[in-house]
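So the structure is just underneath, and the comments pick up after that.
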Amino acid sequence: MKKKYICILLFIIFFLNSCTLGGRTMIYSDDDIKADFRLEQILEAIANEDRNAIKAMFSENALYEANDIESGIDYLFSLIEGNIESWDRIGGSVDESNDHGKKTVKSKYRYNVYTDTEQYLFSILEFTIDTNHPENIGVYSLKVINVNNEEPVFLGAGIYIPEETLIKND
C-alpha cells in the first residue's frame with residue numbers, strides 16, 4: 001500500500017516538474033488569451049475605422065521603425081471587405097528569454113478572420129514583456145492578406161503593405 005502512495009506521489013512530482021520549461025509552468029498559460037484579446041481589439045478598430053486605436057496598439061519602437069504607419073492603416077481599412085463575422089486561431093508561439101532578470105516575451109499568432117464576403121489571414125507579432133526595453137512592448141508587426149492571395153514574407157515593423165499597392169500610391 002505504501003509503495004502505491006509513493007509511486008503516485010513520485011508521478012505527481014515528476015508530472016509537475018516536467019510541465020515547466022525555463023522556470024515557466026506549461027500547465028496553464030494566458031498567452032493565447034492575450035493574443036486573442038489583441039486580435040479582438042484590432043478587429044474592433046478596423047470595424048470602427050479607428051486610426052488612433054490601431055496606432056496605440058503598436059509599440060513605440062515599431063512606430064519609429066515602420067516606414068509609413070499611416071499608409072499601412074489606410075491599406076488595412078481598404079483591404080477588409082464586408083462585416084467581420086468570426087475568427088479562429090490557426091497557430092501561435094511564444095518566445096521567452098530571461099537573461100539575468102531581464103525578461104522578454106514575444107508572441108506570434110495567426111488567425112483566419114471571416115467577413116460576410118471574404119476570408120483573411122492575420123499574423124500578429126507582439127512583445128508582451130520587455131523589462132530591459134519597455135519601448136518594445138506592443139504590436140511590432142501586423143500582416144493581413146486575403147486568403148486568395150499568396151502569403152508574402154514580411155519581417156518589418158508596422159503594417160504589411162504589398163509592393164504593388166505602394167507603387168500605385170506613389
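The values are calculated or read from the model by the stated rules, or taken from the named source; none is laboratory data. All values reported here derive from a predicted model rather than from experimental measurement. All Cβ positions, glycine included, derive from the backbone under ideal geometry; neighbour counts span all protein chains shown.
So, in segment 103-131, exactly how many residues are surrounded by fewer than 12 Cβ atoms within 10 Å (Cβ to Cβ) and closer than 20 Å to E60 by Cβ?
The qualifying residues number 0.
Looking at segment 72-97 only, could you name the residues that are farther than 18 Å from D50 by Cβ and either among the hydroxyl-bearing types (S, T, Y) or in contact with a Gly (Cβ under 7 Å, 6 or more places away or on another chain) (or both)?
Of everything in segment 72-97, those that are farther than 18 Å from D50 by Cβ and either among the hydroxyl-bearing types (S, T, Y) or in contact with a Gly (Cβ under 7 Å, 6 or more places away or on another chain) (or both) turn out to be S86, S93, E96, S97.
Determine which member of the set L155, L166 is at pLDDT below 95 and assigned to a helix (DSSP H, G or I).
L166
Is it the case, given these coordinates, that Y5 is modelled with pLDDT under 95, among the aromatic types (F, W, Y) and closer than 25 Å to V147 by Cβ?
no
Residues are listed down the side, and each one gets a yes or a no for (1) under 22 Å from A66 (Cα atoms); (2) among the polar types (S, T, N, Q); (3) under 16 Å from the mean Cα position of the chain (by Cα):
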position	(1), (2), (3)
S93	no, yes, yes
K102	no, no, no
R110	yes, no, yes
S123	yes, yes, yes
I129	yes, no, yes
H133	yes, no, no
Y140	yes, no, yes
V144	yes, no, yes
V147	no, no, no
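(1) loosely packed, with under 14 Cβ neighbours inside 10 Å; (2) more than 17 Å from S59 (Cα to Cα): which one isn't true of G92, the others all being true?
Of the numbered conditions (1) loosely packed, with under 14 Cβ neighbours inside 10 Å; (2) more than 17 Å from S59 (Cα to Cα), the odd one out for G92 is (1).
In segment 63-72, is there at least one residue being exposed (fewer than 11 other Cβ atoms within 10 Å of the Cβ) and free of Cβ contacts under 8 Å to residues at least 60 places away in the same chain?
no
Going residue by residue through segment 74-81, is there one that turns out to be part of a strand (DSSP E or B) and not hydrophobic (A, V, I, L, M, F, W, C)?
no
Have a look at S93, S141 and point out the one that is assigned to a strand (DSSP E or B), without any contact (Cβ under 8 Å) to a residue 60 or more places away in the chain and of a type in the set (G, A, S).
Every option except S93 fails the conditions.
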